[in-house]
1. Just give me the residues in the stretch 75-86 being over 14 Å from the mean Cα position of the chain (by Cα) and in contact (Cβ under 8 Å) with a residue 24 or more places away in the chain, in sequence order.
2. Of all residues in the stretch 142-181, how many are free of Cβ contacts under 8 Å to residues at least 40 places away in the same chain and not in a helix (DSSP H, G or I)?
3. Kindly indicate whether ALA155 is touching a Ser or Thr at 6+ places or on another chain (Cβ under 8 Å) and closer than 13 Å to LEU178 by Cβ.
4. Those residues that are aromatic (Phe, Trp, Tyr) and surrounded by 15 or more Cβ atoms within 10 Å (Cβ to Cβ), I need them from the stretch 89-119; list them, please.
5. Are there any pairs, at least 6 apart or on different chains, whose C-beta atoms fall under 7 Å, with the first in the stretch 49-74 and on the phi < 0 side of the Ramachandran plot and modelled with pLDDT under 95 and the second of a type in the set (A, V, I, L, M, F, W, C) and part of a helix (DSSP H, G or I), and if so, which?
Amino acid sequence: MNDTRNEIIRLGNELIRSIGYNAFSYADISKILGIKNAAIHYYFPSKSDLGVEIIQRNISAFKELIESWKKLDYRQQFYNYVHMHDSFIGNHWVCIVGALSPSYDTLPENMQKKLQELVNIILKWLTDLLETGLKAEIFSFNETPRIRAYMIHSALLSSLQMNKVLRNDIYKTIQEGLLNI
């Protein structure tokens, strides 16, 4: 795949995670990469085309991760999920869902649908993991697996956002609490 296209996607992903989708433009990307706006439009005619591709890359990356975790026991898979975004802390980034969800209503429809797809994939996988782990008596909690998945996913999302604002260890604290199921 073209290096320029990949660099545009990489940088767009970083900008969404750091400053948000609505806060950057193609001019920001072209300035950083030292290319013309027309080069970006060549690969992504609209900003939403870039946004959809970024979300799709996140979907693919998540699917690759969970596929690589299949051979692990339930507790290790859960641990890996809870620690999936550890590398973001140093950059003060949030996950793609946490970055795009607050501006969901302002996103183009194609991005909204792709974001819904990503969230549904994550929640289905997490719900299935929790349900299977609960039946195997690996996990212990009182809620339904789906409600517990909502709680876990929401806690991780918000802890990344709060960590970005407060620049403290709230993300690590939430992780520790979540691992005690």
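1. Matches in the stretch 75-86: ARG75, GLN77, PHE78, TYR79.
2. 6
3. Details: touching a Ser or Thr at 6+ places or on another chain (Cβ under 8 Å): no; closer than 13 Å to LEU178 by Cβ: yes.
In short, no.
4. Residues of the stretch 89-119 aromatic (Phe, Trp, Tyr): 93, 104.
Passing the criteria: only TRP93.
5. If the second residue must be of a type in the set (A, V, I, L, M, F, W, C) and part of a helix (DSSP H, G or I), no pairs are left.
The values are calculated or read from the model by the stated rules, or taken from the named source; none is laboratory data. Keep in mind the model is a prediction, meaning the values are calculated, not measured. FYI the Cβ positions are ideal-geometry reconstructions off the backbone, even for glycines, and counts take in every protein chain you see.
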